[in-house]
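Novice: Just dropping this structure here.
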Amino acid sequence: MGYATISDLMKFGAPSGAIGDLSPEDMQGQLDSASSTADSYLRLHYPVPLGTPYPAALVEAICRIAAFNLLSVRGYNPEGDAGLLESRSKDAMRYLRDLGSGAASLGATDGAFAVQPTADTGGGVTVVGTSSSRGW
């Protein structure tokens, strides 16, 4: 199961007319694949899979990647409006790379992890906690 739904895909990825003729199974498959790609970057700094609620920026990135991949399978004209979807997909991949490198952060999501800055003592320390015991 991925971080985004078909409803999210229609909201954030592409207009329903652009990908609406593809099967729900194909749509969900691309969403799950994009979520797996995201996990490959996220696991460097976060326990995956993430708990809910998922950060909206991550859901949007997943949808942008999935929408472009769906159009790539179906076929598209890169000179037309689909060229914008390609650009949005590349931006989403850059965001995932930034998450993986630590240049960007998901912030806090309930149930998965919490990122809370400590009082500013000049060190700018961030404390990361988890809701489950690691046994050590």
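Readers should treat all values here as calculations from the given coordinates under stated rules, not as data from a laboratory. Computed from a predicted structure; not experimentally measured. Cβ coordinates were reconstructed from backbone atoms using ideal geometry, including for glycine residues, and neighbour counts include every protein chain displayed.
Novice: Charges on Cβ only, +1 for Lys and Arg, -1 for Asp and Glu, centred on the Cα centroid of the stretch 6-105; of Ala104, Val59, Ala38, which one is farthest towards the dipole's positive end?
Specialist: Farthest towards the positive end: Ala104.
Novice: Given a Förster distance of 30 angstrom, what is the FRET efficiency for Thr52 paired with Ala104, based on the Cβ-Cβ distance and rounded to 0.05?
Specialist: Between Thr52 and Ala104 the formula returns 0.90.
Novice: Something else: Starting from 0 in steps of 5 Å, tell me what percent of the Cα-Cα pairs of the stretch 6-105 lands in each bin.
Specialist: For the stretch 6-105, the pair-distance distribution reads 3, 14, 25, 24, 17, 10, 5, 1.
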